[in-house]
Amino acid sequence: MRLSEGLGEEEQLYKSLYARCPEVWEEPVEDWAGLVRRCHKAGINDIPNEAPSMMGSVLTEDDFFTENFKEVVCFNNLRYCPPFLHKLEFIKIIYVWSGSVTVYLDNAKYELLSGNFCIITPGIRHTVFSRHDEDVIINILMRISSFANAFSGILMEQNILADFFWKILYTKHSNRVLMFGCSNDPKLDRWVERMFDESARQQAASNLLMKSYAMIFLGIVMREHLPQLQLKEELTDEVYVLPAIIQAIRQNLKSITLEELTRQFGMSESELKRYIVRESGYTYRYLLRDLRLRRAVELLRNTNLSMERIMEETGYSNMNNFYRSFKEHFGQTPLEFRKNGEEILI
């Protein structure tokens, strides 16, 4: 499969229907049955009763990550596919390799041109539509369930994009979209193409390479393209508080205390606890435990540190407590995890 190629069978069908009644395609639709009704009203009666390609109001990780160990997939968005509004349970980057695409976010719509891209968070109701043969729109999907582990290096950066991903991981209402009005960047094109080519190998695709390519893509965006970021909502200072609290905890896992956080963020203990619950849905105690155990998984996977040292690095003072917390969270002890080399989706 090539990144840019002729129309496939499904695209040809969609194009033929679109050519007969373009106005039916120009507004988002809820489902295939709704599109059929529109077509019948417009005098097109030979439209299939079933959608030629996968449709759904909510798309899950299981719909696209067919192998449990895969954390990134990449493929062409179907040209002329009707714009069906849907939500995701993963992170999606829509990258315009060439041509253009219309992105619908509920009642708003935006035109992205060649070189532009946007990042869609889970839960956002949206759809896209491309109406030209030369449009090449690439979807890059990343698991949310294992994002913190797979892309921990990105999360450690200090910028709005890292904060954006922290917000996705730990907030109940991260309904935001980031749009980048970039001109064509050959460096970004190169890594998108590598992701596409590797993903096209399907079961033989390397998860390590896919993660590496996606990491480099995001790293280039952070280094060179944050000035082209176009936010589609008004941001307040509060947007950045939760990611800052998470960063403060992660950077001081061995010694962080609630008292220290209250001093740093100018809140009383009760205010800070209420804020964390309101923004993330988690208690402070759960958040601290979760961040400590995520760090433990990183150290178990990527270092040969002893269990005693990992316990200390993650802020535990008692080995029994460390083992009990790890097993309660992940269903196995740290030693079993290191020995078995199993993947834990966190």
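What to note about this one:
- Take the Cβ atoms of ASN320 and THR283, set R0 to 25 Å, and the FRET efficiency comes out at 0.65.
- Ligands, DNA and RNA aside, PHE84 has an accessible area near 10 Å² when probed at 1.4 Å.
- Rg(Cα)/(2.2 N^0.38 Å) for the chain, N = residue count: 1.11
- GLU269 paired with GLU10, simple spin-label distance in nm, labels 7 Å along Cα-to-beta-carbon: 5.5 nm
- Taking a straight Cα-Cα cut-off under 19 Å and skipping sequence neighbours fewer than 8 places away in the same chain, the lysines within cross-link reach of LYS92 are LYS70, LYS109, LYS167, LYS172, LYS211, LYS232.
- For PHE90, residues with placed amide H under 5 Å, excluding near neighbours: GLY123
- Placing a pseudo-label 7 Å from each Cα along the Cα-to-Cβ vector at MET156 and HIS40 gives an inter-label distance of 5.9 nm.
- Solvent accessible area, Å² - ASP197, 1.4 Å probe, full protein context: 70 Å²
- Figure note: VAL277, VAL96, VAL241 ranked by solvent-accessible area, largest first, 1.4 Å probe, ligands and nucleic acids not counted: VAL277, VAL241, VAL96.
- Here the Karplus relation 6.51 cos²θ - 1.76 cosθ + 1.60, evaluated at θ = phi - 60°, turns the backbone of the stretch 112-129 into coupling constants of 9, 10, 3, x, 6, 7, 9, 10, 9, 8, x, x, 6, 7, 7, 6, 9, 8 Hz, with x for every Gly and Pro.
- Convex hull volume of the stretch 133-207 per residue (C-alpha atoms, cubic angstrom): 153 Å³
- Here's how it looks for CYS81: its modeled amide H is under 5 Å from those of SER130, which are all 5 or more places away or on a different chain.
- Theoretical gain in end-to-end length, CYS21 to THR102 [0.36 nm per residue, Cα-Cα removed]: 27.4 nm
- J(HN,Hα) series, the stretch 320-332, from Karplus relation 6.51 cos²θ - 1.76 cosθ + 1.60, nearest Hz, glycine and proline x: 4, 5, 4, 5, 5, 5, 4, 5, 4, 7, 10, x, 7
- The calculated FRET efficiency for the pair ARG301 and SER53, based on their C-beta separation and a Förster distance of 22 Å, comes to about 0.05.
- Efficiency of FRET from Cβ geometry, ASN68 and LEU113, R₀ 41 Å, rounded to 0.05: 0.65
- Multiplying the residue separation of LYS87 and GLN251 by 0.36 nm and subtracting their alpha-carbon distance yields 55.7 nm.
- A Gaussian network model of the chain, with springs between Cα atoms under 10 Å, assigns the largest mean-square fluctuation among SER98, SER16, SER270 to SER270.
- The slack between THR60 and ALA244, meaning 0.36 nm per residue of separation minus the straight C-alpha distance, is 63.3 nm.
- HN-Hα J in Hz across the stretch 284-298 - Karplus 6.51, -1.76, 1.60, θ = phi - 60°, x for Gly and Pro: 4, 4, 5, 4, 4, 4, 5, 5, 5, 6, 4, 5, 4, 4, 4
- Here the sum of -39500 (n - 2.57) over DSSP H runs of 4 or more residues, divided by the residues of the chain, equals -13000 deg cm²/dmol at 222 nm, to the nearest 500.
- Surface calculation, 1.4 Å probe, protein heavy atoms: LYS109 sits at approximately 110 Å² accessible.
The values are calculated or read from the model by the stated rules, or taken from the named source; none is laboratory data. Bear in mind the structure is a predicted one, so any value in this text is a computation, not a measurement. As a convention, Cβ positions derive from the backbone with ideal geometry for all residues, glycine included, and neighbour counts pool all protein chains shown. We work out accessible area using only protein heavy atoms, side chains counted, and drop any ligands, DNA or RNA first. Shrake-Rupley method; radii C 1.70, N 1.55, O 1.52, S 1.80 Å.
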